[in-house]
């Protein structure tokens, strides 16, 4: 996981202490996608582990402008979770729903296609067990 850095720090405000887990993807340039798509699946897996460890605390996802990579990450994570929970996959509706609260999310065609490709990669990882 050379492309992901995990940090933990403590924030205190008016006597209230919070532990923050910060995960950073190092190789995802603006308006593009990572050379190794598996790193995004690894990041999603790490986020889920930290969320379970923290008792399902809220998650904040942020890139430099808050729409491109953040929206792409959220779309992929949401689609994969829905596939796991409901066996339903609708990338278009997922992105449309995200854009209600975050206009411009998944800002390029490249990022949109990346959503489909990485979800296909995830689903293909189970094809060995389909026999």
**Request:** Have a look at 40, 83, 91, 67 and point out the one that is over 28 Å from residue 9 (Cα atoms), touching a residue at least 40 places away in the same chain (Cβ under 8 Å) and surrounded by 13 or more Cβ atoms within 10 Å (Cβ to Cβ).
**Result:** 83
**All helices (runs of 4 or more DSSP H) inside the range 1-113 with 3 or more residues being touching a strand residue (DSSP E or B) at 6+ places or on another chain (Cβ under 9 Å) and at pLDDT below 90** = 38-53
**Request:** Scan the range 43-53 for residues that are under 12 Å from the mean Cα position of the chain (by Cα) and either in contact (Cβ under 8 Å) with a residue 12 or more places away in the chain or farther than 26 Å from residue 125 by Cα (or both) and jot them down.
**Result:** 43, 44, 46, 47
**Fill in**
Every listed condition ((1) modelled with pLDDT of 90 or more; (2) over 30 Å from residue 11 (Cα atoms); (3) outside any loop (DSSP other than H, G, I, E, B)) holds for residue 128 save (1)
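For every residue, the table says whether it meets (1) exposed (fewer than 10 other Cβ atoms within 10 Å of the Cβ); (2) touching a residue at least 40 places away in the same chain (Cβ under 8 Å); (3) more than 20 Å from residue 106 (Cα to Cα); (4) out of contact with any helix residue (DSSP H, G or I) (no Cβ under 8 Å at 6 or more places or on another chain).
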{"site": "7", "(1), (2), (3), (4)": "yes, no, yes, yes"}
{"site": "17", "(1), (2), (3), (4)": "yes, no, yes, yes"}
{"site": "28", "(1), (2), (3), (4)": "no, yes, no, no"}
{"site": "33", "(1), (2), (3), (4)": "no, yes, no, no"}
{"site": "36", "(1), (2), (3), (4)": "no, no, no, yes"}
{"site": "55", "(1), (2), (3), (4)": "yes, no, yes, yes"}
{"site": "59", "(1), (2), (3), (4)": "no, no, no, no"}
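The values are calculated or read from the model by the stated rules, or taken from the named source; none is laboratory data. As the structure is a computational prediction, the values presented were derived from the model and not from experiment. Methodologically, a virtual Cβ is constructed for each residue, glycine included, from the backbone with ideal geometry; neighbour enumeration extends over all protein chains shown.
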